[in-house]
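J.: Sending over a structure as structure tokens; questions will come in a sec.
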Amino acid sequence: MRRSGRRDLQNFTAFLIGKKGYDRRTAHNKLAVVAQFLKTNDILRLLKKSDWPSYVEREPEVYEPEQLDKLLAACDLRNRVLFEFFLMTGMRDAEVRHTCWSDISSRQFARVKSKPEWHFTPKNWEEREVPIPDKLMQSLREYRSWVGAGSRLLFPATVGQPDRHFLRTLKRIAWTAGLNCQSCNTNKGRCRQGPFCEHWFLHKFRANWVAYSSNDSGIWQTYVVPFPIPDAGARYQISTDGGQQPRWRHDGRELFFLSPDKKLMAVSVENMGSTPQFGAPKVLFQTRAHGPLTAEEFFTYDVSADGQRFLINENAADNPIPADIILNWAD
Ligand SMILES: [Zn+2]
């Protein structure tokens with residue numbers, strides 16, 4: 001067996017995610033199998049902790065729309081567009097930091113690609129294209145005409161180099177806008193006294209998504225849009241032959257809905273952090289779920305956190321078990 005190096009395993013990870021289209025958790029599990037195999041052959045500790053594909057189990061923390069409005073209102077043009085960019089592209093700190101004007105296509109996407117001159121490589125070698133919603137494209141045009149053509153980077157530091165202090169900028173603006181939570185106490189200081197609130201961090205901008213149904217196309221279909229900016233332009237149609245009552249598995253990696261003929265359908269969800277990918281709808285099973293009986297009754301089923309069990313409000317079977325009713329039994 002050829003000696004495997006760390007780079008081989010990193011390439012393997014990039015292959016699993018980039019070429020095979022596995023989600024991060026699956027890639028993590030497959031990498032673990034290889035690591036276990038190498039370990040039994042006494043090849044240990046090839047990988048650093050950061051080489052393992054990371055994934056989020058719990059629901060991510062999100063900013064409330066009012067918080068974002070206040071934050072953006074307290075920004076100058078550059079920082080407003082900077083945080084809109086984070087919010088609407090779902091890119092990571094280092095990816096935003098190294099984005100150049102030449103990476104922005106007039107066809108409304110941003111390329112995430114390596115910049116060897118700044119020693120930047122996208123995480124997991126995941127070069128990709130991220131759609132830019134209309135609203136963000138407008139902001140970028142406004143910002144471009146304001147900064148002029150001088151800089152290669154979108155959001156450079158004052159000397160034209162990549163800006164390593166987006167987080168510091170965010171915390172400073174949150175502090176001046178009165179948005180600190182007033183109660184956290186970090187090793188840099190108390191958030192009541194300065195720009196230290198730990199509830200403001202860049203990762204939290206990465207897009208969250210809302211599923212809903214609409215009949216604006218003529219039939220009820222299920223869609224997913226980014227939240228909290230539902231007007232950002234990106235809308236993904238999840239159902240193909242109609243769908244209502246969408247529900248997420250707790251970890252957001254699967255979405256369920258009811259087809260028009262009451263089949264419970266499932267769609268796999270991947271890569272929600274940047275450019276989401278939805279699998280083709282699959283039939284799980286036929287239900288006898290009744291339609292909503294009142295305007296307040298949005299759902300006639302629910303799903304367990306792991307997506308394995310369903311509770312369904314069904315119509316009774318056609319041949320119900322007969323029941324004898326005894327009248328005047330107390331006589
Ligand atoms: Zn705080």
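J.: Among the listed pairs 19/113; 20/113; 19/39; 70/135; 49/123; 20/48, which have their C-alpha atoms separated by more than 21 angstrom in this model?
T.: 19/39; 20/48
J.: With label points built 7 Å along Cα→Cβ from the Cα atoms of residue 11 and residue 214, find their separation and express it in nm.
T.: Each label point is offset 7 Å from its Cα along the Cβ direction, giving 4.5 nm.
J.: Let me ask another. R0 = 56 Å: FRET efficiency of residue 237 with residue 42, Cβ-based, nearest 0.05?
T.: 0.65
J.: Could you order peptides 145-151, 87-93, 116-122 by the average number of other Cβ atoms within 10 Å of their residues, highest first?
T.: Averaged packing, sorted descending, gives the order 87-93, 116-122, 145-151.
J.: Which lysines does residue 188 reach when only Cα atoms under 22 Å apart count, and residues fewer than 8 places away in its own chain are ignored?
T.: 171, 204
J.: May I ask you to compute the full-extension gain from residue 177 to residue 204, defined as 0.36 nm times their residue separation minus their alpha-carbon distance, rounded to one decimal in nm?
T.: Taking residue 177 through residue 204 to full extension adds about 7.9 nm, to one decimal.
J.: Place the peptides 101-109, 127-135 in order of packing, highest mean first, counting for every residue the other Cβ atoms within 10 Å and averaging per peptide.
T.: For the peptides 101-109, 127-135, the packing ranking is 127-135, 101-109.
J.: Determine ³J(HN,Hα), in whole Hz, for all residues of the range 286-291 in sequence, where each value follows from phi through the Karplus function 6.51 cos²θ - 1.76 cosθ + 1.60 and θ = phi - 60°; x replaces Gly and Pro.
T.: 7, 10, 10, 4, 7, x
J.: Also, quick follow-up: Full extension from residue 185 to residue 138: what is 0.36 nm times the residue separation minus their Cα-Cα distance, to one decimal in nm?
T.: That works out to 13.1 nm of additional length.
Quick note: the coordinates plus some simple rules give every number you see, no bench work behind them. What you see is a predicted model; the values in this text were computed from it and never measured. Note: ideal-geometry Cβ built from the backbone for every residue, glycine included; neighbour counts use all protein chains shown.
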